[in-house]
Amino acid sequence: DGGITQSPKYLFRKEGQNVTLSCEQNLNHDAMYWYRQDPGQGLRLIYYSQIVNDFQKGDIAEGYSVSREKKESFPLTVTSAQKNPTAFYLCASSTGSGYEQFFGPGTRLTVL
Amino acid sequence: AQSVAQPEDQVNVAEGNPLTVKCTYSVSGNPYLFWYVQYPNRGLQFLLKYITGDNLVKGSYGFEAEFNKSQTSFHLKKPSALVSDSALYFCAVRAPIYNQGGKLIFGQGTELSVKP
């Protein structure tokens, strides 16, 4: 997990609330990614950013938003529009698109 | 369309025996292939990658993988399994750069269980 931190480790949210998951990296990586992991479904790409102040939607972006104001930081907001937000969220970074990605420890979000 | 298949949800191996975790892929162009391992409630750890060159790739913790272009496979192997190898293993392939910046496409994962 070294070099990438995610907080909090566990997060509980009431329905209708927006929550923001933090992701910080000190690896000087240009590219950052957010994935969602559900049991038996592998990892699905939510958003990615190849450079500061730029980001693109992944396969399941609906109900999520991101920002990339600093190279080190790529926070993910899970909005109330996300129908089924309970999942394990993983942030990753890489030196560039297509190179191996390094993952943070994850945030487990539970909607009550 | 790019895809990765891990045909076995679970693999059971006795400690000391060799292990194989299977992966097949479908991608346009030359494949960039990766293996990751995940321990419970943790992030993914990079094990090894194939970009080009020797078909047998050596990685972390004694793991290796064999790239087979004709069979479009990239199976993960280890000569002698340890109980501590028990974890969830993911194979991934890089999509072409024009497809979401060359994102990684992951298989569903294979749960490896090594019994003493």
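The values are calculated or read from the model by the stated rules, or taken from the named source; none is laboratory data. Model, not experiment: these values are computed from the prediction. Reconstructed Cβ throughout: ideal geometry from the backbone, glycine too, with neighbour counts over all protein chains shown. Surface areas here come from the heavy atoms of the whole protein model, side chains and all, with no ligands, DNA or RNA. Shrake-Rupley method; radii C 1.70, N 1.55, O 1.52, S 1.80 Å.
Quick rundown of the values:
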item: Partner chain coverage, peptide A:40-53 - average Cβ within 10 angstrom; result: 3
item: In order through segment A:50-62: 3J(HN,Hα) via Karplus (6.51 cos²θ - 1.76 cosθ + 1.60), integer Hz, x for Gly, Pro; result: 9, 7, 4, 6, 8, 7, 9, 6, x, 7, 9, 7, 4
item: Average partner coverage of B:104-112, which counts Cβ from other chains inside 10 Å; result: 4
item: Projected label distance in nm at residue A:7 and residue A:27, using a 7 Å step from Cα toward the beta-carbon; result: 2.0
item: Cut-off under 5 Å, modelled amide H: who pairs with residue B:11 long-range; result: B:111, B:112, B:113
item: Spin-label proximity, residue B:97 to segment B:47-66 - amide N less than 13 Å from point 7 Å beyond Cα toward beta carbon; result: none
item: The protein assembly as shown, accessible surface, carbon-and-sulfur percent (1.4 angstrom probe); result: 49
item: Exercise: per-residue mean of other protein chain Cβ atoms within 10 Å, B:87-98; result: 2
item: A versus B: buried accessible surface, summed, Å² (probe 1.4 Å, to nearest 100); result: 1900
item: Entries of A:57/A:83; A:14/A:70; A:70/B:103; A:71/B:49; A:57/B:49 with Cα pairs more than 19 Å apart; result: A:14/A:70; A:70/B:103; A:71/B:49; A:57/B:49
item: Threshold 10 Å² - residues in segment B:38-59 whose accessible area is reduced by that much or more when the chain is no longer isolated, probe 1.4 Å; result: B:38, B:41, B:42, B:43, B:44, B:45, B:46, B:49
item: Rel. contact order, % - alpha carbon contacts under 8 angstrom, at least six apart, chain A; result: 36
item: Per residue solvent-accessible surface (Å²) - chain B, probe of 1.4 Å; result: 46
